[in-house]
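For reference, the structure is listed below as structure tokens.
Each reported figure results from applying straightforward, stated rules to the coordinates on display, with no laboratory input. Quick caveat, the model's predicted, so the values are computed rather than measured. Glycine gets a Cβ as well: all are built from the backbone with ideal geometry, and neighbour counts include every protein chain shown.
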Amino acid sequence: GDSVTQMEGPVTLSEEAFLTINCTYTATGYPSLFWYVQYPGEGLQLLLKATKADDKGSNKGFEATYRKETTSFHLEKGSVQVSDSAVYFCALRPRGYSTLTFGKGTMLLVSP
Amino acid sequence: GAGVSQSPSNKVTEKGKDVELRCDPISGHTALYWYRQSLGQGLEFLIYFQGNSAPDKSGLPSDRFSAERTGGSVSTLTIQRTQQEDSAVYLCASSKETDSYEQYFGPGTRLTVT
């Protein structure tokens, strides 16, 4: 079945450091790919998405590129802030289906 | 406008009791989803409703779990004879339609079974 694997956390960085959170997936066909973020005490929010190969999703300084050849959708940010501290979830939605399959989440902790 | 709301925000129950969790989706959203977030398991799909179609129950972990959606709006997830392994955060999401529309998540209900 479909699955999403993302790097285990926590990822601990200093403010202004470069961030990469790895995400790879297994799916039949070409799913849509998503990154969701969960800030402390809040619900899940969509951060960015990509619906086809080579698409780049971007939002709030975060980027991820849909790489079909490596079945990956790594999340990157050039300079993290303390306010980026949260849990990040990679997810896929198979084409023609509605429900999301999530990775286990990666906690990011950014210190001043 | 108002987002997805869930109630209660926290629920503590004794093993063997039944619980009901409620979800109010965003007005006008035809699709509604239930997920479960537990330690070590991440986020798991439970059940999905779309309009008047039969729900997709493929993610329900056992027959102790059921859900209904009345009038195409509010949904209730019921867990009968709760077990300790049911302890988790139960998340509800809604979207305008099934494909290509963002799922908006509620804040969740934290269920603790003692």
Reachable lysines from A:LYS68, Cα under 20 Å, same-chain residues fewer than 8 places away excluded? A:LYS49, A:LYS52, A:LYS56
Eligible lysines near B:LYS57 by straight Cα distance, threshold 25 Å, same-chain separation 8 or greater: A:LYS104, B:LYS11, B:LYS15, B:LYS17, B:LYS96
Peptide A:91-100, shielding by other chains (average Cβ, 10 Å cutoff): 5
Per the Kirkwood definition applied to all pairs of different Cα atoms, how many angstroms is the hydrodynamic radius of the range B:59-110? 12.8 Å
Provide Rg and Dmax in Å for chain B, with only Cα atoms included in the calculation. 13.3, 40
Using only the alpha carbon atoms of the range B:1-59, find the Kirkwood hydrodynamic radius as the inverse mean reciprocal pair distance, in angstroms to one decimal. 13.5 Å
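From the Cα trace of the range A:1-109, what convex hull volume per residue do you get, rounded to a whole Å³?
Values: hull volume 10.1 nm³, N = 109.
Expressed per residue, the convex hull around the Cα atoms of the range A:1-109 is 92 Å³.
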Where does the Debye-calculated log10 I(q)/I(0) of the protein assembly as shown sit at q = 0.07, 0.09 Å⁻¹, using only Cα point scatterers of equal weight, no solvent? -0.22, -0.37
List B:THR13, B:THR109 from most exposed to least, where exposure is judged by having the fewest other Cβ atoms within 10 Å. B:THR13, B:THR109
